[in-house]
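Asks: First, the structure itself, so that you have it in front of you.
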Amino acid sequence: MKHQMVIVLDFGGQYNQLIARRVRECGVYCEVKPYTTPLEELKGMEPIGFIFTGGPGSVYAEDAPLCNPEIFNLGVPVLGICYGCQFMAHTLGGRVTAAQADTAREYGKTKTFFDTDCRLFRGLPAEGVTWMSHGDYMAKVPEGFSLAAHTDACPTAAICDEARGFYGVQYHPEVNHTENGVQMIRNFLYEVCGAAGDWTMGDYCKTAIREIREKVGHGKVLLALSGGVDSSVAAALLAEAVGKQLTCVFVDHGLMRKDEGDEVEAAFSRWNINFIRVNAETRFLVKLAGVSEPEHKRKIIGEEFIRVFEEVGKEIGSVDYLVQGTIYPDVIESGAGDAAVIKSHHNVGGLPDYVDFKEIIEPLRMLFKDEVRQLGRELGLPEYLVRRQPFPGPGLAIRIIGDITKEKADTLREADAIFREEIANAGLDTEISQYFAVLTNTRSVGVMGDGRTYDYTLALRGVTTSDFMTADWARIPYDVLDRVSVRIVNEVAGINRIVYDITSKPPGTIEWE
Ligand code: XMP
């Protein structure tokens, strides 16, 4: 089934992904395309609407991003956001000027007044807060347009040409700070573009399964499974599509969390696939012995992972297809170009070049993270797999500061399990985006019973974030931290002091190494 499609034309704005996510959340499929995409290609995609994103520039700048003005003659509605709005106004005969510092230049939350007769604002309050971020403003609107919203400083906060279905807003409806912003996008999609809301995960799932079957035929498929959300969902999808033709390889490097290897195995050995678990703890620990420099640890693990994967690949022999869990943000961030090969190396820590495959299959390539989770549910993956917090490829190796030994890994596993259990008991596991324990290489003096101890300090880390690019430290209640601390010091030998990491990202990173 072909979905209706909206094209988010990217003029270099910082929120382009967010716009695309909002459109998908409204039940409409969309793709982000660079503004340089040839008009014929855009036309061929048969969009029901365009959304022009913001951008860093001014329409008058020498290198201003401009697309073919014929786009306005396709008979397809357009919503221009910020720069996208100015580009539309400029191209259709309006006038955009640099705002004077004290007049129409606006940044941040701004009280805005809407004309609720305009289809974009239909059914919404006549007043609300919008998130502005523009230096230029529209001094004259193009012919055929009328004013649809204003602020105290700017008479042209939104413009519309209802007949042609052209709308422009100076603010960012896609960010949470704009009240009813998503509703405005929804109005554009449903009231203006005539969207049917045909983007559902159930449909996507059926279509993806059919397409994978057509492509793979009787070929052999290989997938590196980590137990993380993306590779798990990709595995479930492929399992559904091609069953026994699929082999999932789970390389257990011995640096997983407590019981994790067994959980991954239990979850996947039930599927109708060939599942191979390689227990490679010893060889990883031997390679890591005595190494404490973080980047060196990562390189060793990446390299050893490749070696193990190569060996399994050789045993299976003549693999036709390789499955990658690449998701849409990776595709967008790499410029929407053909990034498949780079990603394949990046995602699984580098795959062997020699593996004899015809093609890489990336079934999640067009999905956002939340859609991947939805697809996982659609495929019947258990909730604990679908909702998993991220876990880094190098595993506990980068949560043990200094050199790594099996004893330290075991100690950290126990402590981390207690922390996770208490967070879950407190009902905080869905609120905190990522939480884990770090075994530092600092030892300190303590007293237990009547005796002196000289043991390791354990750091607890909890962060809230939506994108993992920036993060705030989680305000875990003191009583929860207290329970965790008491339990760990009592139940885990070798740890006598607990600290809580109160550093945000930036300046810290989420992981310690
Ligand atoms: P940082 O520490 O850079 O982490 O703030 C951001 C997010 O990425 C995860 N992370 C990794 N994930 N392989 C992965 O698959 C890695 O090597 C890796 N390093 C960090 C980290 O857990 C956090 O969610």
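Every number here is computed from the coordinates shown, using simple stated rules; none is lab data. Source: prediction; values computed, not measured. Every residue, glycine as well, gets a Cβ built from its backbone with ideal geometry; the counts of neighbours run over all protein chains shown.
Asks: Given the C-alpha atoms of the stretch 115-194, compute the convex hull and give its volume per residue in Å³.
Replies: So the per-residue Cα hull volume is 86 Å³.
Asks: If you add up the charges near Glu378, with Lys and Arg at +1 and Asp and Glu at -1, over every other residue whose beta carbon is less than 12 angstrom from its beta carbon, what do you get?
Replies: In short, 0.
Asks: For the stretch 34-110, what is the charge dipole size about the Cα centre, in debye to the nearest 20, if Lys and Arg each add +1 at the Cβ and Asp and Glu each add -1 at the Cβ?
Replies: 280
Asks: Around Leu147, what is the net charge, scoring Lys/Arg as +1 and Asp/Glu as -1 over all other residues with Cβ under 15 Å from its Cβ?
Replies: Working: positive: Arg95, Arg119, Lys140; negative: Asp115, Asp117, Glu143, Asp152, Asp161, Glu162.
My count for the surroundings of Leu147 gives -3.
Asks: Sort 244-250, 62-68, 92-98 by packing, meaning the average of other beta carbons within 10 Å per residue, with the highest value first. Let's see the in-between values first.
Replies: Values: 244-250: 20.7, 62-68: 14.3, 92-98: 16.4.
So the peptides 244-250, 62-68, 92-98, ranked by packing, come out 244-250, 92-98, 62-68.
Asks: Which order do the peptides 479-488, 2-11, 227-236 take when ranked by the mean count of other beta-carbon atoms within 10 Å per residue, highest first?
Replies: Ranked from most to least packed, the peptides come out as 227-236, 2-11, 479-488.
Asks: Excluding residues fewer than 8 places away in the same chain, name every one of the lysines whose C-alpha is closer than 30 Å to that of Lys215.
Replies: List returned: Lys2, Lys33, Lys43, Lys206, Lys244, Lys314, Lys343, Lys358, Lys369.
Asks: When the convex hull of the C-alpha atoms of the stretch 366-406 is computed, what volume per residue in Å³ does it have? Spell out each step's value before the answer.
Replies: Details: hull volume 4.2 nm³, N = 41.
It is 102 Å³ per residue.
Asks: Consider all pairwise Cα distances in the stretch 5-192 and report the whole-number % of them above 26 Å.
Replies: When all Cα pairs of the stretch 5-192 are counted, 21 percent exceed 26 Å.
Asks: Express the relative contact order of the chain as a whole percentage, based on alpha carbon pairs under 8 Å and six or more residues apart in sequence.
Replies: That works out to 10 percent.
Asks: Distances over 21 Å make up what percent of all Cα-Cα pairs in the stretch 171-241?
Replies: Summing the P(r) tail past 21 Å for the stretch 171-241 gives 53 percent.
Asks: On to the next question. Given the -39500 (n - 2.57) contribution per DSSP H run of 4+ residues, what per-residue ellipticity at 222 nm results for the chain, rounded to the nearest 500 deg cm²/dmol?
Replies: Only helices count here, giving -9500 deg cm²/dmol.
Asks: Quick one: check the C-alpha center-to-center distance for the stretch 236-279 versus the stretch 152-182, whole angstrom.
Replies: Computed from Cα coordinates, the inter-centre distance equals 48 Å.
Asks: Now for a separate question. Give me the percent of DSSP beta bridges within the chain that run antiparallel, rounded to the nearest 5.
Replies: Of the beta bridges lying entirely in the chain, close to 50 percent run antiparallel.
Asks: Under Stokes-Einstein, with the Kirkwood radius over Cα pairs standing in for Rh, what whole-number D in µm²/s applies to the stretch 1-85 at 25 °C and 0.890 mPa s? Intermediate values should be presented prior to the final figure.
Replies: Values: Rh = 13.0 Å.
Answer, rounded: 189 µm²/s.
Asks: Count neighbours as other Cβ atoms within 10 Å of each site's Cβ, and list the chymotrypsin sites (Phe, Trp or Tyr not before Pro) in the stretch 26-79 that are DSSP loop with at most 15 such neighbours.
Replies: Tyr60
Asks: What are the ³J(HN,Hα) values, in whole Hz, obtained from phi via the Karplus relation 6.51 cos²θ - 1.76 cosθ + 1.60 with θ = phi - 60°, for each residue of the stretch 400-405 in sequence order, with x given for Gly and Pro?
Replies: For the stretch 400-405, the Karplus-derived couplings read 10, 6, x, 6, 10, 10 Hz, x marking Gly and Pro.
Asks: Sum up the charges of everything whose Cβ sits under 15 Å from the Cβ of Arg213, counting Lys and Arg as +1 and Asp and Glu as -1, but leave Arg213 out. Walk me through the numbers before you get to the answer.
Replies: Numbers: positive: Lys206, Arg210, Lys215, Lys220, Lys244; negative: Glu211, Glu214, Glu240, Asp320, Glu359.
The answer is 0.
Asks: Let me ask something additional. How large, in Å, is the stretch 399-500 by the Kirkwood hydrodynamic radius built from its alpha-carbon pairs?
Replies: Kirkwood radius, the stretch 399-500: 14.2 Å.
Asks: Tell me, Kirkwood radius of the stretch 163-292 from alpha-carbon pair distances, in Å?
Replies: By the Kirkwood definition, the hydrodynamic radius is 18.9 Å.
Asks: Calculate the spin-label point distance for Arg164 paired with Glu70, positioning each point 7 Å from the Cα along the beta-carbon direction, and give it in nanometres.
Replies: 1.6
Asks: Let me ask something else about it. Work out how far the C-alpha atoms of the stretch 48-123 reach from end to end along every principal axis, then list the three figures in whole Å, largest first.
Replies: The principal-axis extents, from largest down, are 40, 38, 19 Å.
Asks: Using a 10 Å cut-off on Cβ atoms, rank the peptides 79-89, 468-478 from the highest mean neighbour count down.
Replies: 79-89, 468-478
Asks: For the stretch 74-175, what ratio Rg/Rh do Cα atoms give with a Kirkwood hydrodynamic radius?
Replies: Numbers: Rg = 12.4 Å, Rh = 13.3 Å.
When Rh is taken as the Kirkwood radius, the ratio is 0.93.
Asks: Something else about it: Using the 2.2 N^0.38 Å rule of thumb for compact globular proteins, work out how the chain stacks up: its C-alpha Rg over that value, please.
Replies: Expressed relative to 2.2 N^0.38 Å, the Cα Rg reads 1.12.
Asks: Can I ask one more? Amide H of Thr442 versus every other amide H placed in the peptide plane: which residues, excluding those fewer than 5 positions away on the same chain, fall under 5 Å?
Replies: Under 5 Å from the amide H of Thr442: Thr457.
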